[in-house]
Amino acid sequence: MGFELISQLIIVFLIGAAVGSFLNVVIYRIPREESVISPPSHCPHCNTQIKPWHNIPILSWLLLRGKCAYCGAPISPRYPIIELTTALLFLWVYCRVGDISIFLVVDWALFSTLLALSVIDLDYKAVPDSLNLLALTLSFFHSPEVVENFKNALLLMGGAGMLRFYVSYFVGREALGEGDLIVAGTIGGLLGVKLGVTAVVVGALLALPFSLYFRLRKRDLELPFVPFLATGAFLVWAFKPQFLELLDLLYG
């Protein structure tokens, strides 16, 4: 591995970590209908504005030992986890795309938005339309085939909507939320119909054991589905050749 490639990977990692730091702000503020720009980052406990050297992604949390530099209140480890996850996500997408282009930037933005939606859904069991529609719109422009991507998004969203009405009728409660339908459209725009359906199936399989646990142990019938849909979408996108080969083996 050459020095130039290593330098590129380090830069991509740092960009991803910085975006992850911003995602933490988005995840915290948007559900509360707060601006992501103003006021500057501050401790939610003592309300003291965070200094730039206390806000270095991943590193500052480690150096501060997970505590506020001013009041000593604990800082959730979720902050560096999201920053590290985003940095690794940026690396993976960069290696998968293979070159610097506008489509790489769109893919970064799309998967970052899906990550933010996933965490928000875990917190609130609901996702903001602003972020969800942003992800859907980005899926149209992740490749030069914008019109085709738009059609695929409509097809998958329409199919998911029809499935929602049928399943909801037979089980006597809402089977999929409106936010899940928009995410399904995003998956269609990103992957196309065939791989999009595959991603939804992968997401459903990933969600199944968690759904059974919530039903049997916690008596909670409502499971946040966006994280599983997003994970399924990323896995199918990241391993697209392997999934296409698997589909050919199954269906010829």
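The values are calculated or read from the model by the stated rules, or taken from the named source; none is laboratory data. What you see is a predicted model, and the numbers here were worked out from it, not measured in a lab. Please note: Cβ atoms are built from the backbone with ideal geometry, for glycine as well, and neighbour counts cover all protein chains shown. These area figures cover heavy atoms from the full protein model, side chains too; ligands, DNA and RNA do not enter into them. Shrake-Rupley method; radii C 1.70, N 1.55, O 1.52, S 1.80 Å.
Identify, please: which residue in the stretch 12-59 is touching a Ser or Thr at 6+ places or on another chain (Cβ under 8 Å) and of a type in the set (A, V, I, L, M, F, W, C) and is, among those, most open to solvent (accessible area, probe 1.4 Å)? Talk me through it step by step, then tell me what you get.
To start, the set of residues in the stretch 12-59 that are touching a Ser or Thr at 6+ places or on another chain (Cβ under 8 Å) comprises 16-17, 19-20, 23, 25, 29-30, 42, 49-50, 53-55, 57.
Filter once more, so that each one left must be of a type in the set (A, V, I, L, M, F, W, C): 17, 19, 23, 25, 30, 50, 53.
Numbers: 17: 6, 19: 41, 23: 12, 25: 29, 30: 42, 50: 53, 53: 165 Å².
The residue in question is 53.
Is there a residue being acidic (Asp, Glu), assigned to a helix (DSSP H, G or I) and buried (at least 22 other Cβ atoms within 10 Å of the Cβ) anywhere in the stretch 130-152?
The first filter runs over the stretch 130-152 and keeps only residues acidic (Asp, Glu), leaving 145, 148.
Checking which are assigned to a helix (DSSP H, G or I) leaves us with 148.
Keeping just the survivors that are buried (at least 22 other Cβ atoms within 10 Å of the Cβ) gives none.
Checked the stretch 130-152: no residue is acidic (Asp, Glu), assigned to a helix (DSSP H, G or I) and buried (at least 22 other Cβ atoms within 10 Å of the Cβ).
I'm trying to understand the selection: among the residues of the stretch 75-89, which are assigned to a helix (DSSP H, G or I) and β-branched (Val, Ile, Thr)?
Start the filter on the stretch 75-89 by keeping residues that are assigned to a helix (DSSP H, G or I), which leaves 78-89.
The answer is 81, 82, 85, 86.
Looking only at the stretch 61-86, count how many residues are modelled with pLDDT under 90, touching a helix residue (DSSP H, G or I) at 6+ places or on another chain (Cβ under 8 Å) and hydroxyl-bearing (Ser, Thr, Tyr).
0
Mind telling me which of the residues 201, 167, 197 ends up being within 21 Å of residue 107 (Cα to Cα), open to solvent by 20 Å² or more (accessible area, probe 1.4 Å) and either at pLDDT 80 or above or assigned to a helix (DSSP H, G or I) (or both)? Steps first, please.
Working: 201 fails: within 21 Å of residue 107 (Cα to Cα); 167 fails: within 21 Å of residue 107 (Cα to Cα).
Within the list 201, 167, 197, the selection yields 197.
Assigned to a helix (DSSP H, G or I), exposed (fewer than 13 other Cβ atoms within 10 Å of the Cβ) and either within 23 Å of the chain's Cα centre (by Cα) or not basic (Lys, Arg) (or both), is that true of residue 92? Explain how you work it out, then say what you get.
Numbers: assigned to a helix (DSSP H, G or I): yes; exposed (fewer than 13 other Cβ atoms within 10 Å of the Cβ): no; either within 23 Å of the chain's Cα centre (by Cα) or not basic (Lys, Arg) (or both): yes.
Taking the combined requirement at face value, the residue does not satisfy it.
Looking at 104, 115, which one is under 26 Å from residue 6 (Cβ atoms), modelled with pLDDT of 95 or more and open to solvent by 30 Å² or more (accessible area, probe 1.4 Å)?
Details: 104 fails: open to solvent by 30 Å² or more (accessible area, probe 1.4 Å).
The conditions single out 115.
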